[in-house]
Amino acid sequence: MLVLEMTDSEMLAALTHSIKDHFSIQSNYGSEEVPHKQPFIIGLAGGTASGKATVCNMIISQLHDQRVVLVSQESFYHSLTDEQLEKVSEYNFDHPDAFNTELLLLCMERLKHGHAVSIPNYDVKSHKCIEPDRKVNPSDVIILEGILVLQDQRVRDLMNMKIFVDTVQILMCGLRGGYNVIQLKGEGTLKTCLINTLNSLSLVSKNLYSHQRNTQMSSSLEVQIMMLQVDLIVQHIRTKLGQHDLCKIYPNVFVIYSTFQIRGMHTLIRDVRTTKHDFVFYADRLIRLVVEHGLGHLPFTEKQIITPTGSVYSGVVFCRRLCGVSIIRSGESMENALRACCKGIKIGKILIHGEGDNGRQLIYEKLPADISSRQVLLLDPVLASGSNAIKGISLLLSKGVPESNIIFLNLIAAPEGIHAVCKKFPKLKIVTSEIDMSLNKDLRVIPGMGEFGDRYFGTDNSDTIVNPDDT
């Protein structure tokens, strides 16, 4: 969750630059899997008169070379009845019930899937929807702005980025009051305008309380408002926008943030000339990073502790009921890293075998008796076609493990395998360090790293050439 201060012009420039970079990423999978390019959806929220429209206009102006459409939550206000209009000054326009969220969700889903939609034309003076509706076509970037666009989990799940515009509340009150005066211009005396301004300020004060309450309610749903330094915001934006296209299609796929160190280690383990010793060393380093990242997706509870200085520290405690399950034999290479991170963790094993078109057969399984009550980390360094993974996951489900309790860890994944696993098991999580290009006709990952198990355990019969540049 990001908080955008209106003075952070450099951050805005970085945001728009990163969004442009998003559209230069090319997919590496077949067009039959992805019928259209996914738009980049930004959710931009903030209190009444916080400056959301200003921020939206700044983003749009800097994205002149992209198709950008702005959708306002205000368009989805419910039309007021005659009875409600009689007491309009008491109506809370900043409450979730004031909006037709179901219609908003339907329109956003259709836009995300490349369909044009008709959006209501809400008149702020009459507080009713009037004809004609506004037609909105699919675009490269969709900005959804409104006071409570981050309140509903279903709407948030459609977004690639979430921004909260934070403005001093007394300024928000003044801006809201001035806005109402402008709206009443020509329809009453100055006295009337001033009276309505005071009424607006009173209403805004109530709505601010409602806004804070709903924001706090959303905090329990992982929409937390926090002040971040600009450099951290920019880093977060670049991380999100630099994700592989598949991470935008499947929100349960996570690729660890790539650095030159990670890229360098991938270069070494993929190099055919790398010795077994170096292959194991750098593979272990990458595996440790994947395991650490996977553990970060476990459920946690908040906990306050006392530090040696006598201070209070508000932290978290992760779930302790864990177990690992390795798919023999490559998956066993990941066990040491898991044991190093989770002392005394139970580890089960699954052996799956299959040749040609005969399908995958479960040959052996040894799992903890209470596995159904544990969070499960499924271990396999390479996700290729997904056949082994699907067989292993199906076994875990048959043992009573909830799908949402499974985190599948691997070093590299092919798009075909991600599609296969995510379509069949949309509730589990996949954590990997890189997504490769594709599979070849022999179902090997390209560019890949060869037979991982043979290279790791030294059972390949090829003469490995030592890289003279390695020291």
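Values in this text are rule-based calculations from the coordinates and carry no lab data. Model, not experiment: these values are computed from the prediction. In this analysis, Cβ positions are derived from the backbone assuming ideal geometry, glycine residues included, and neighbour counts consider all displayed protein chains.
With an 8 Å cut-off on Cα pairs and a minimum separation of 6 or more residues, tell me the relative contact order of segment 245-457 in percent.
Values: 376 pairs, mean separation 47.6, N = 213.
Normalised by residue count, the contact order of segment 245-457 is 22 percent.
Given H placed on each backbone N at 1.01 Å, which residues far from V71 in sequence or on other chains put an amide H within less than 5 Å of it?
Distant-sequence amide H within range of V71: I143, L144, E145.
Could you compute the FRET efficiency for R263 and E292, with r as their C-beta to C-beta distance and R0 at 25 Å, rounded to 0.05? Mind showing how you got there, number by number?
Numbers: r = 18 Å, r/R0 = 0.71.
For R263 and E292, the calculated efficiency is 0.90.
Please work out the FRET efficiency for the pair L105 and I345, using the Cβ-Cβ distance as r and a Förster radius of 56 Å; give the result to the nearest 0.05. Provide the component values of the computation, followed by the final result.
Numbers: r = 40 Å, r/R0 = 0.72.
E between L105 and I345, to the nearest 0.05, is 0.90.
For segment 76-128, what does the relative contact order come out to in percent, with C-alpha contacts under 8 Å and a separation of six or more?
On the way: 31 pairs, mean separation 26.8, N = 53.
Over segment 76-128, the number comes to 51 percent.
Kindly provide the GluC sites (Glu not before Pro) of segment 321-387 that DSSP labels as loop, not H, G, I, E or B, and whose Cβ sees at most 16 other Cβ atoms within 10 Å.
Details: sites: E332, E335, E355, E365; in loops: E355.
Taking segment 321-387 and a limit of 16 other Cβ atoms within 10 Å, the loop GluC sites (Glu not before Pro) found are E355.
Work out from phi, with θ = phi - 60° and the Karplus expression 6.51 cos²θ - 1.76 cosθ + 1.60, the ³J(HN,Hα) of each residue of segment 280-297, listed in order in whole Hz, and give x for Gly and Pro.
5, 4, 7, 5, 4, 5, 5, 4, 4, 5, 5, 4, 4, 5, x, 5, x, 9
Bin width 10 Å, alpha-carbon pairs only: give the P(r) of segment 343-450 as whole percents, running from 0 to the bin holding the largest distance.
For segment 343-450, the binned pair fractions read 14, 46, 33, 7, 0 percent.
If each residue of separation counts as 0.36 nm, what is the full-extension length gain between K441 and S372 once their alpha-carbon separation is subtracted?
Full extension from K441 to S372 adds 21.1 nm.
For the residue pair E403 and S311, what label-to-label distance in nm results when each label sits 7 Å from Cα along the Cα-to-beta-carbon direction?
Those two pseudo-labels are separated by 4.5 nm.
Tell me, how many Å apart are the Cα centres for segment 82-102 and for segment 246-281?
53 Å
At 0.36 nm per residue, and after removing the present C-alpha to C-alpha distance, how many nm does the segment from L362 to S387 gain when stretched out fully?
7.8 nm
Go ahead and run the numbers for FRET between N336 and Q153, Cβ-Cβ distance against an R0 of 35 Å, rounding to 0.05.
0.40
Could you list Y257, Y456, Y313, Y282 in order of exposure, starting from the residue whose Cβ has the fewest other Cβ atoms within 10 Å?
Details: Y257 14, Y456 23, Y313 10, Y282 19.
Ordered from fewest to most neighbouring Cβ atoms within 10 Å, Y257, Y456, Y313, Y282 come out as Y313, Y257, Y282, Y456.
Treat each spin label as a single point 7 Å out from the Cα along the C-beta direction, and report the K427 to K125 distance in nm.
5.2 nm
Would you list V69, V88, V421 from fewest to most Cβ contacts within 10 Å?
In order of increasing Cβ crowding within 10 Å: V88, V69, V421.
Compute the Rg/Rh shape ratio of segment 245-457: radius of gyration over Kirkwood radius, all on alpha-carbon atoms. Please report the intermediate quantities before stating the final value.
Values: Rg = 17.6 Å, Rh = 17.9 Å.
For segment 245-457, the value is 0.98.
Label segment 324-374 by shape, choosing from rounded, prolate and oblate, from the square roots a ≥ b ≥ c of the eigenvalues of the Cα gyration tensor; if a/c is under 1.5 it is rounded, and otherwise prolate applies when a/b is larger than b/c, oblate when it is not. Numbers along the way, then the final one.
Values: a/c = 3.78, a/b = 1.74, b/c = 2.17.
Oblate shape, in that a/c is at least 1.5 and b/c is the bigger or equal ratio.
Which value in nm describes the separation of the simple spin-label points at F300 and D460, placed 7 Å from the Cα toward the beta carbon?
In this crude spin-label approximation the distance works out to 3.8 nm.
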